[in-house]
Ligand code: ZN
């Protein structure tokens with residue numbers, strides 16, 4: 001697949017104009033994510049009240065895929081319950097790794113189209129999934145995660161594409 005197909009318009013738009021950029025001053029949860037393979041580094045700050053995610057902000061240094069994934073994630077999970085957010089994290093992970101067929105019913109909306117064709121690009125998958133793993137870590141009061149850590153936060157290694 002041509003690299004250009006990965007960089008769809010929606011990804012470019014979020015890379016140029018990231019939504020919910022910066023750190024929340026009144027955050028209740030915070031986590032950092034690293035993807036040493038690409039050099040992606042993110043800091044997520046969350047405001048969670050009564051089991052609802054009221055706001056998520058992010059900032060850091062990352063490639064376009066990671067930044068767009070983080071930006072779209074913040075708008076997607078805003079206002080959702082923690083349970084719904086954990087479900088979205090699982091669905092996005094399965095979509096990016098190719099376990100979830102993009103045509104199957106899911107709750108990811110526009111994310112499906114932007115990130116549904118990534119599973120053949122293992123290194124890109126890590127870029128796309130990093131913000132979601134970091135969100136999972138923040139919700140579970142884990143300070144930081146790395147895609148190359150021994151203990152994967154989702155208890156499963158990402159290998160990309162089917163064997
Ligand atoms: Zn990256």
What number of residues within the range 94-118 are within 21 Å of residue 148 (Cα to Cα), surrounded by 20 or more Cβ atoms within 10 Å (Cβ to Cβ) and away from the ligand (no atom under 16 Å from the Cβ)? 1
Exactly one condition in (1) touching a strand residue (DSSP E or B) at 6+ places or on another chain (Cβ under 7 Å); (2) under 25 Å from residue 39 (Cα atoms) is not met by residue 90; state its number. (1)
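Residue by residue, here is whether (1) away from the ligand (no atom under 16 Å from the Cβ); (2) over 13 Å from the mean Cα position of the chain (by Cα) holds:
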| residue | (1), (2) |
| --- | --- |
| 9 | yes, yes |
| 15 | no, yes |
| 25 | yes, yes |
| 36 | no, yes |
| 44 | no, no |
| 49 | yes, yes |
| 77 | yes, no |
| 82 | yes, yes |
Verdict on residue 19 being away from the ligand (no atom under 16 Å from the Cβ), over 16 Å from residue 138 (Cβ atoms) and either surrounded by fewer than 18 Cβ atoms within 10 Å (Cβ to Cβ) or more than 13 Å from the chain's Cα centre (by Cα) (or both): yes
Mind listing whichever residues of the range 28-41 are touching a helix residue (DSSP H, G or I) at 6+ places or on another chain (Cβ under 9 Å) and within 12 Å of residue 55 (Cβ to Cβ)? 29
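Which residues, counting only those in the range 29-43, are in contact (Cβ under 8 Å) with a residue 40 or more places away in the chain and either under 15 Å from residue 136 (Cβ atoms) or in a strand (DSSP E or B) (or both)?
Within the range 29-43, 29, 30, 31, 32, 33, 34, 35, 40, 42 meet the criteria.
Where a number appears in this text, it was derived from the coordinates with a stated rule and is not lab data. If you're wondering where the values come from, they're calculated on a predicted model, not measured in any experiment. Positions of Cβ are backbone-derived with ideal geometry, glycine not excepted, and every protein chain shown enters the neighbour counts.
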